[in-house]
Amino acid sequence: MMRWLFILLISLLGAAFVYIVINNDTPDNLGLIDGQLMACPESPNCVSSQSDVTDEAHFIKAISYKMSRPKMQLALEKYLLSTANYRIIKSELGYLHTEVKSDLIGFVDDVEFYLPKDDKVIHIRSASRVGYSDFDVNRNRVRQITAALVK
């Protein structure tokens, strides 16, 4: 009996690993379209400052700043690169796409930042690629970034 439970457990772990590997590709639809980051899916594993304020599952406040946009983006990139597991995928003035890989299982989340030219805010979208719930990992990530940048 124990042997069959062990085999079942190993099979389930193997299937979960295969699922994660297959679904961990970078989404094709990331980036800016008319000054907007991609909308969050219905699942609660994404937060965005561009979601509707009444959407409690997805809305998070944008990050306000006072320095110049280039200096703010450099400070943001410097902070992210000093933090474990961030990898910059695309960086151009006003837009930044990063990936964050979890330590234990290797889940990859996409974190995008948009610094509009005429606004002193950073719009942010943090979303999991795999799964339904993220247990507030993305929301807490944005809170950490906000706390680090708004000292």
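Observations on the model:
- Theoretical FRET efficiency, 1/(1+(r/R0)^6), r = Cβ-Cβ of Asp34 and Tyr79, R0 22 Å, to 0.05: 0.20
- Cα-based Lys pair tally, the chain, threshold under 18 Å, eight or more apart or on separate chains: 16
- Put a dot 7 Å past the Cα of Phe135, heading toward its Cβ, do the same for Asp103, and the two dots end up 1.3 nm apart.
- Among Ser82, Gln50, Val100 - extreme Cα towards positive end, dipole of region 40-106, charges at beta-carbon: Ser82
- Model label points for Arg87 and Val150, set 7 angstrom from Cα along the Cα-to-Cβ axis, are 3.1 nm apart.
- Degrees, to the nearest 10: 2-23 long Cα axis against longest axis of the chain: 30 degrees
Rule-based calculations on the coordinates, nothing more; no lab input. All values reported here derive from a predicted model rather than from experimental measurement. Reconstructed Cβ throughout: ideal geometry from the backbone, glycine too, with neighbour counts over all protein chains shown.
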